[in-house]
Amino acid sequence: MQKAFTLIQNSKHIVFASHINPDADTLGSSLGLMHSLAHLGKKFTVYNIGGIAPASLDFLPGIEALTGEFPTDADLVVALDCGDIKRLGLKDGNYKLLNIDHHASNPLYGDENIVDATAASTASVVLEFLRGIGIAPSKEAAVSLYAALASDTGFFKYDSVDKRAFLDGAYLVECGANASEIAIAMTEREPLSKIRLQASILSTLKITANGKVASLFMTNEMLKSAGAMQDEADGAAETARSIYGVEVSLFLREQEDGYIRGSLRSKTAIDVNKIAKLFSGGGHLKAAGFTVKIEKEFLVQVEDIIKQVEQSIGIIKQ
Ligand SMILES: [Mn+2]
């Protein structure tokens with residue numbers, strides 16, 4: 001920790017780098033650390049290769065500074081919440097690299113690494129670091145870090161949630177984060193197009209395997225008529241899983257490039273990572289995905305995939 005802080009103290013221009021397709025943890029941790037170091041009087045850049053944050057994160061203090069331009073005079077890059085250096089989109093330069101993360105797969109690619117796979121979010125690792133160097137988060141930092149923690153824990157309900165996640169949350173509230181305001185900003189400002197798309201996806205719901213499997217699909221046509229973007233279909237698999245009695249949900253979306261993208265979610269014990277592997281995909285026990293080429297009429301292939309998933313559940317349970 002002290003070595004990491006020495007790197008920070010010895011630098012003039014620090015880049016806070018988030019991963020491609022940024023989420024609340026990578027951006028909230030970036031901004032949370034940046035605000036916490038403000039008193040050091042360094043030059044800061046908040047960098048993301050795409051240069052743009054999701055609209056739902058527009059409330060994060062300092063997010064307007066986010067840029068896709070990598071500065072040439074940076075002498076320190078702090079990577080936040082990124083298990084794979086390639087996902088940062090860094091440019092060459094004469095800088096040191098500090099890697100702060102919570103992914104177990106992180107290969108410790110930094111000159112200094114603060115990686116804690118037991119943390120529910122990178123925000124918790126940032127907090128650990130701040131404690132180690134004796135800095136308390138300002139209100140701006142607390143809001144950013146709370147948003148990161150809330151997002152990676154599904155608002156304190158995922159498997160990763162432990163006592164520490166709650167203690168970190170409580171500490172950030174003490175430092176000025178308003179839990180309700182942040183939750184509303186992150187979850188209750190959906191675009192109408194998303195709700196219209198979700199309604200159309202839900203109309204395809206099919207319950208099979210004695211109520212244990214819930215399947216949904218989305219065609220490009222549905223996307224177009226809702227006037228929605230691809231990412232507005234996200235969450236459909238979780239909605240299907242939330243049905244009483246459902247153990248596994250499957251969401252199949254037609255892609256413009258002639259592929260079908262599948263998302264699998266499991267409620268308790270069925271390992272959807274194993275199911276995804278049957279389609280050359282993968283992931284985790286409760287969330288996995290795969291991509292297959294469209295080889296016949298879309299709806300016919302959807303039926304085939306649903307059948308294969310149902311059969312595989314029988315096999316996997318044995
Ligand atoms: Mn994370």
> Most exposed first by the Cβ proxy, i.e. fewest other Cβ within 10 Å, how do Tyr146, Tyr259 rank?
Replying inline: Tyr259, Tyr146
> Alpha carbon centre of the stretch 26-61 versus the stretch 168-204: separation in Å?
Replying inline: 20 Å
> In this model, which of Lys267/Lys307; Lys86/Lys139; Lys3/Lys42; Lys3/Lys91 are farther than 21 Å apart at the alpha-carbon?
Replying inline: Lys86/Lys139; Lys3/Lys91
> With labels modelled as points extended 7 Å from the Cα through the Cβ direction, what inter-label distance (nm, one decimal) is found for Ala104 paired with Thr72?
Replying inline: 4.4 nm
> Relative contact order for the chain: what is it in percent, counting Cα pairs under 8 Å that are at least 6 residues apart?
Replying inline: 12 percent
> Roughly what % antiparallel, to the nearest 5, for the DSSP beta bridges in the stretch 195-317?
Replying inline: 75 percent
> Residue-wise, which Karplus ³J(HN,Hα) couplings in Hz belong to the stretch 252-268, taking 6.51 cos²θ - 1.76 cosθ + 1.60, θ = phi - 60°, and x for glycine or proline?
Replying inline: 10, 10, 5, 10, 5, 8, x, 10, 10, 9, x, 10, 10, 10, 10, 8, 10
> Met1 to Ser280: extension gain in nm, 0.36 nm per residue of separation minus the Cα-Cα distance?
Replying inline: 96.4 nm
> Which residue, Phe155, Phe298, Phe70, tops the fluctuation ranking in a GNM of the chain built on C-alpha contacts under 10 Å?
Replying inline: Phe298
> What relative contact order, as a whole-number percentage, does the stretch 2-187 give when Cα pairs under 8 Å and 6 or more residues apart are counted?
Replying inline: 24 percent
>> What FRET efficiency comes out for His39 versus Glu64 if R0 is 22 angstrom and r is the Cβ-Cβ distance? Round to the nearest 0.05.
In response: 0.60
>> Let's see if you can work this out: charge +1 on each Lys and Arg Cβ, -1 on each Asp and Glu Cβ, no other charges. What is the dipole magnitude of the chain about its Cα centre, in debye to the nearest 20?
In response: 560 debye
>> Test of understanding: ordering His13, His284 by Cβ neighbours within 10 Å, fewest first, what list do you get?
In response: His284, His13
> Ordered by residue, what ³J(HN,Hα) values in Hz, to whole numbers, does the stretch 86-101 give under the Karplus form 6.51 cos²θ - 1.76 cosθ + 1.60, where θ = phi - 60° and Gly and Pro are x?
Replying inline: 5, 7, 8, x, 6, 9, 5, x, 9, 9, 8, 10, 10, 10, 10, 7
>> With 10 angstrom as the radius, rank Arg189, Arg164 by how many other C-beta atoms surround their C-beta, starting from the fewest.
In response: Arg189, Arg164
>> Can you compute the modelled spin-label distance between Val173 and Gln230, with each label point 7 Å from Cα toward Cβ, in nm?
In response: 3.8 nm
>> Could you work out how much longer the chain between Ser203 and Thr118 gets when fully extended? Use 0.36 nm per residue separation minus the Cα distance between them, nm to one decimal.
In response: 26.7 nm
> Can you list the residues of the stretch 108-127 with backbone N under 16 Å from a point 7 Å past the Cα of Lys163, pointing along Cα to Cβ?
Replying inline: 119-120
> If Lys and Arg each add +1 and Asp and Glu each add -1, what is the summed charge of the other residues whose beta carbon sits under 14 Å from the beta carbon of Lys286?
Replying inline: +1
> Gaussian network model of the chain, Cα springs within a sub-10 Å range: biggest mean-square fluctuation belongs to which of Ala228, Ala177, Ala148?
Replying inline: Ala228
> Do you know the relative contact order of the stretch 163-304, to the nearest whole percent, from alpha carbon pairs under 8 angstrom that are 6+ apart?
Replying inline: 15 percent
> Taking springs between alpha-carbon atoms closer than 10 angstrom, which of Gly176, Gly51, Gly245 fluctuates most in the Gaussian network model of the chain?
Replying inline: Gly245
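All of the numbers you see were taken from the coordinates with simple rules; none came from a lab. Just so you know, these numbers come straight off a predicted model, no measurement behind them. We place every Cβ from the backbone using ideal geometry, glycine too, and count neighbours over all the protein chains shown.
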